[in-house]
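Remarks on the structure that follows.
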Ligand code: GDP
């Protein structure tokens, strides 16, 4: 049987990176769909699309995502929209015996005060960080669905937990974005308007591990294409695997790196009326290392590429 792979969420930063990578690899039967034609929150539309196209593999990058403020301010939407899409997904996978699923979560599924670096087995070993607990709960339910389906040998559901991602086609709004696109936008505007100060949310003290979207796209397509026996030899039936870069930095240092790229010479101030979120979430990458996958970009290269892309595409991007 042909491998008809559905990349769900191909208009988002991560889905795009996966789609481009699969195309570069010359994989031909790749299917994508725009939200206007098929709403993944609609069970019939989603199911019809899968059946009409004989989809037998899914890489699920579709999600409602956002930075610390968006997550904290819109908990209902983050829990509801992600749960609905995922519930449809897992129902379809189960009902139509989809041969292979790669499901994406996030490092925020792990407890707030987790031992570092975070091993996959630490999931559900403590309380979640409150600013993103709604999103995290939806993703934890996805991980659990994978684990439950994998109890039967006819399923192959791989749950990948990426760290903080940045890159092309990200959301560069001030309010809803993650820290890197948010700061790129702020430094860009400050330079343009000759503004001498840029304000950073929180204390600048938390640490985050950052990964360039092209590296994540590469890792996802690599792991998706691994032989079933090779993959489960590494993860066991739980199928949970961290995907990170090892590039961990304090927020204040990321701000300085971005300021340098823009040649911004003004001051950086910290507004601690905004939340810091979790103090640290460095992933343990021992399982990822065992797969043989390696990242291709340093954080310096990734940030420079992203800023160049942002400048070139400023007029057309989501702001
Ligand atoms: P998180 O990893 O879920 O906390 O997501 P974010 O990427 O949104 O935030 C990471 C850290 O960067 C938090 O400590 C934020 O308070 C801090 N931060 C500093 N300035 C900004 C900003 O302009 N936007 C965002 N989103 N976060 C910022």
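One table, with the values for the structure above:
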quantity	calculated
When residues of region 224-239 are limited to those that are in a helix (DSSP H, G or I) and in contact with a strand residue (DSSP E or B) (Cβ under 6 Å, 6 or more places away or on another chain), the one surrounded by the most Cβ atoms within 10 Å (Cβ to Cβ)	224
Hits in region 263-296 - residues which are in a loop (DSSP other than H, G, I, E, B) and closer than 14 Å to residue 243 by Cα	281, 282, 284, 285, 292, 293, 294, 295, 296
Only one of 36, 21 that is more than 22 Å from residue 174 (Cα to Cα), at pLDDT below 95 and more than 16 Å from the ligand (Cβ to nearest atom)	36
Identity of the residue in region 105-129, in a helix (DSSP H, G or I) and within 11 Å of the ligand (Cβ to nearest atom), that ends up nearest to residue 163 (Cα to Cα)	107
Candidate set: region 233-264, residues that are out of contact with any helix residue (DSSP H, G or I) (no Cβ under 8 Å at 6 or more places or on another chain) and at pLDDT 95 or above; chosen: the one farthest from the ligand (Cβ to nearest atom)	233
Pair list, Cβ under 9 Å, 6 or more apart: region 185-212 residue free of Cβ contacts under 8 Å to residues at least 24 places away in the same chain and closer than 22 Å to residue 250 by Cβ, other residue assigned to a helix (DSSP H, G or I) and more than 8 Å from the ligand (Cβ to nearest atom)	186/258
Cβ pairs under 7 Å, 6+ apart, first in region 220-231 and at positive phi, second surrounded by 17 or more Cβ atoms within 10 Å (Cβ to Cβ) and in a loop (DSSP other than H, G, I, E, B)	none
Where a residue in region 266-279 is farther than 16 Å from residue 255 by Cα and its partner, wherever it lies, is in a loop (DSSP other than H, G, I, E, B) and away from the ligand (no atom under 11 Å from the Cβ), with Cβ under 8 Å and at least six apart	279/113
Subset of region 275-316 that is within 16 Å of the ligand (Cβ to nearest atom) and out of contact with any helix residue (DSSP H, G or I) (no Cβ under 7 Å at 6 or more places or on another chain) - its residue that is nearest to residue 204 (Cα to Cα)	276
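The values are calculated or read from the model by the stated rules, or taken from the named source; none is laboratory data. Since the model is a prediction, treat every value here as computed from it, not as a measurement. Please note: Cβ atoms are built from the backbone with ideal geometry, for glycine as well, and neighbour counts cover all protein chains shown.
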